[in-house]
1. With no solvent and one point per C-alpha, what does the Debye sum give as log10 I(q)/I(0) for the stretch 337-415 at q = 0.11, 0.16, 0.23 Å⁻¹?
2. At 7 Å along Cα-to-Cβ for each site, give me the label-to-label distance between ASP525 and VAL347 in nm.
3. Ordering ARG62, ARG129, ARG239 from largest to smallest accessible area (1.4 angstrom probe), what's the sequence?
4. In square angstrom, what is the accessible area per residue of the stretch 488-608 with a 1.4 angstrom probe?
5. Can you give the helix-only mean residue ellipticity at 222 nm for the chain, where every DSSP H stretch with n ≥ 4 adds -39500 (n - 2.57) and the sum goes over all residues, rounded to the nearest 500 deg cm²/dmol?
6. What does the accessible area of HIS253 come to, in Å² to the nearest 10, when a probe of 1.4 Å is used?
7. Working with all protein chains in place, sort LYS120, LYS180 by solvent-accessible area computed with a 1.4 Å probe, largest first.
8. Mind checking the per residue accessible area of the stretch 7-166 for me, 1.4 Å probe, whole number of Å²?
Amino acid sequence: MSVPAWGARPDASGTHFAVLAPDASAVFLCLFDRDAPNDDGERRLPMERSGDGWTLTVPGVRAGDRYGYRAHGRYEPAANLWFDPAKLLVDPWAIELDRRFVCDPRLAMFGEDTAALVPKAIVPAVASRGPPPPPAFAPGGLIYELNVRGFTMRHPEVPPEQRGTIAALAHPAVLRHLTKIGVAGVELMPIIAWIDERHLPPLGLVNAWGYNPVAPMALDPGLCPGGVEELATTVAALRAAGIGTLLDVVFNHTGESDAAGPTLCLRGLDPAAYARDGAGRLINDSGTGNTLDCSREPVRELVLASLRHFASLGVDGFRFDLAPILARGPGFDPAAPIFAAIAGDPVLRDRIMIAEPWDTGPGGYQLGHFPANWLEWNDRYRDDVRRFWRGDGGAGVLTTRIAGSSDVFGGAPGSRSVNFVAAHDGFALGDVVAYAQRHNEANGEQNRDGHAEEVAWNSGVEGPSGDPAIRSRRDADVRAMLATVFASKGTPMLTAGDEFGRTQRGNNNAYAQDETTWLDWEHRDVALEDFVAALSAFRRDWPLADPAWLASADWRDLCDRPMTPERWMGAGGFLLRLPAGDETMFLRVDRGERRVTLARATMLESRL
């Protein structure tokens, strides 16, 4: 499809605006004085149709000016037409906004003017960035998943005015911590401007995770008050410390939600961006009431443009939330056009791509089915490692996970598995061994939300315990799981705070619990943190990086006898020997002792 470049593009004489709205009968550009209080003085200018889009060049409009759109046309939700000129609409191609989104019932009411409620897009400065540098992060390095706000809100060394922002990640104290534990890449949970789900404000809650975005390039002004330059400066500071940046991106739905949701952006301009079934109803493969239709070229182009934009700022790669939706049309297609488009894009082809390989739609579990150069979150690794240390999983299954999950990803030399035992979604690692049941009452959904069957155990007491024996058992189990992750082939991932004992007090769906996500730096377990730093340092010399390591692996039982099928049956552990140059690396897993041993030594044996 031949289209003008979308968005706002300033030059020396003014700014050119272009927006896609194929079914609108008229579109107006709405300009707002950058200094006017309460958004007074809105100026509406009619735009001209250009194919499926609308364009207008306005002399004198410059970077920093604020704007939005209003679209006229039929309002017939049953026919997927939502045109309401009372709704001020955010440019889907905006990269900065003047404020955060605020949930309000009027956003979904026909005829209610929303100019005072909706953020205004900001005309961007003219960018002159060169090609991005090669990624600083490489598969196999430690990924550190973090919530930008929660990570520094209680950090004692970060200035109060900087806490909770992207800029705080460049603070020397933060960089020292990341370097200490050997982080190769930070994976930032969503930093795009989002809106709270409509059921949260009446409960006095807010969305603390950000998985409810509106326009896919528009940075959240709360997390990134300095806009694009704040992000670029922080990415550069991390890179200078040897740390890459990965962004958790959400291209499966937007905060406009189901048919009762607000009209903020795409719904009021190009509602066909959302997939619908044969009866015209919104498809809900994302679990949020609406699903972006990536089988449509305009949606794919918006996705690709968003990725290019962030790559141009130095971002190393992306983790795709509910990634099967990228390849739905409506079923999942491993050869979907978007994969070829990313692979062939000169800006994106060397970026790191990570799939969360499941969504909530039919056939939504697609672990192992993404392109061969993509990494994938491996929930089978998470659950099998937990089951082993809980006591009801076998050592044979554990070795398959440690060896790279070839049953999932095939026999390729490397492993595409992202190995983790805890993430933002689910129990914190410390809670995995302290709670056998979820405790999500604070979410206001009668403890029905969150995964009910999460693999977890409490060591005899539900929740905190002062019993030294229970505390020792829990510490041993956490350390054993961490050691397992660092000893496994693939790419290890930690969620921020799990290296020093974070807790969410048994809440395994803390998306609406802002302060619960704030890391407690003052009371962190420094001994556990030091252990993780040692594991990370040891891993850098671990021969699992060698694609041929399985050919020389020597698997033995806990009595140091060669493993046989009979000895694998019911085994509570194993000993793995791996040659590494002049040394031998050892991995000993002993469930009975709740112990993992990693060692390296020069071996001189008189007999085999």
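The values are calculated or read from the model by the stated rules, or taken from the named source; none is laboratory data. Everything numeric here is computed off the predicted structure, so don't read it as measured data. Virtual Cβ from ideal backbone geometry, glycine too; neighbours counted across all protein chains shown. SASA here: full protein model, heavy atoms, side chains in, ligands and nucleic acids out. Shrake-Rupley method; radii C 1.70, N 1.55, O 1.52, S 1.80 Å.
1. Relative scattering, expressed as log10 I(q)/I(0), comes to -0.37, -0.71, -1.11.
2. Spacing of the two 7 Å Cα→Cβ label points: 4.3 nm.
3. On the way: ARG62 130, ARG129 100, ARG239 70 Å².
Largest accessible area first, the list is ARG62, ARG129, ARG239.
4. Working: 6030 Å² over 121 residues.
On a per-residue basis, the stretch 488-608 sits at 50 Å².
5. Working: 13 runs with 121 residues, N = 608.
Result for the chain: -5500 deg cm²/dmol, rounded to the nearest 500.
6. Solvent-accessible area, nearest 10 Å²: 10 Å².
7. Numbers: LYS120 0, LYS180 80 Å².
Putting LYS120, LYS180 in descending order of accessible area: LYS180, LYS120.
8. Values: 7070 Å² over 160 residues.
Heavy-atom SASA per residue in the stretch 7-166 reads 44 Å².
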